[in-house]
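The values are calculated or read from the model by the stated rules, or taken from the named source; none is laboratory data. What you see is a predicted model, and the numbers here were worked out from it, not measured in a lab. All Cβ positions, even for glycine, are placed from backbone atoms using ideal geometry, and neighbour counts span all protein chains on display.
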């Protein structure tokens, strides 16, 4: 009888140990799966660059790599370590945009996905440097095609576009605006 009780007690302990180990294995698998999913989401999301990486990608923000300028700063052509050509916008410090405001803006821009808009690939927010990294427009921007600047005197040259091209440009621009107005909700 005593041996029977001792056997049952050991069997219960073994059963509890097996259940505990199985639960631990399931929990570890769940944690590993969640971590794996997190890594995938992080890899598909925006990349956070260091200022040093982008400084190197643009050749030290060389004037020869300036491809444009916008209301918030110069845009440089850069080549990332993986060989991708990118457009890197170095934000002016005149706006003195705070860190939180910059990150909110980056998050909002990252939600925009359309064939009519450039994709934001990543950003940098090191100290006073705020930069945005976009896909590179190999053929240049619309402004360069509509208002090309002649090299000899920096004056704007006239462009003669046929009506079909003008209509296609207007239609594509309208599609981009339609996407922003109809498919983007910031609430």
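Within segment 117-147, take every residue that is closer than 20 Å to residue 177 by Cβ and either surrounded by 18 or more Cβ atoms within 10 Å (Cβ to Cβ) or under 16 Å from the mean Cα position of the chain (by Cα) (or both) and give me the one that is modelled with the lowest pLDDT.
117
Could you list, in sequence order, the residues of segment 36-93 that are modelled with pLDDT under 90, more than 16 Å from residue 130 (Cβ to Cβ) and surrounded by 15 or more Cβ atoms within 10 Å (Cβ to Cβ)?
67, 68
Given (1) modelled with pLDDT of 85 or more; (2) surrounded by 14 or more Cβ atoms within 10 Å (Cβ to Cβ), identify the lone condition not met by residue 13.
Residue 13 satisfies all of (1) modelled with pLDDT of 85 or more; (2) surrounded by 14 or more Cβ atoms within 10 Å (Cβ to Cβ) except (2).
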